[in-house]
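The values are calculated or read from the model by the stated rules, or taken from the named source; none is laboratory data. Just so it is clear, the model here is predicted, and its values are computed rather than measured. When we count neighbours, we look across all protein chains shown, and the Cβ atoms used for this are built from the backbone with ideal geometry, even at glycine.
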Amino acid sequence: MRLQKKICLSCRNFSLQETDSGVCKVVKGLASYPVKATEDTCDQWRDCGQQYFIRTGWIKGRLAKEQGHTVVTETGIIS
Ligand code: SF4
């Protein structure tokens with residue numbers, strides 16, 4: 001398997017919320033988690049495995065939807 005870039009988008013602690021950002025849950029139990037850009041990184045990065053492809057598929061679908069297109073992604077049809 002291809003090595004992932006060590007960025008928030010491919011990190012197990014990341015929770016994607018927008019097409020370019022999400023929150024970091026490396027510290028559990030916070031009332032609100034710090035917002036991170038998908039391209040951010042830190043030394044607590046941990047590989048999220050297959051989740052990375054689900055996230056990139058979701059981003060692709062969201063961006064296409066914003067432009068008024070219907071797309072088929074790895075995770076299904078988004079219209
Ligand atoms: S800030 Fe670090 S631990 Fe948090 S999601 Fe990004 S790479 Fe992962």
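A few remarks follow.
- Per this entry, Arg62 is not counted among residues that are in a helix (DSSP H, G or I) and within 12 Å of the ligand (Cβ to nearest atom).
- Check on Cys42, crowded, with 17+ Cβ neighbours inside 10 Å, near the ligand (Cβ under 10 Å from one of its atoms) and modelled with pLDDT of 95 or more: no
- Matching residues, region 6-43, being among the basic types (Lys, Arg) and without any contact (Cβ under 8 Å) to a residue 12 or more places away in the chain: Lys28
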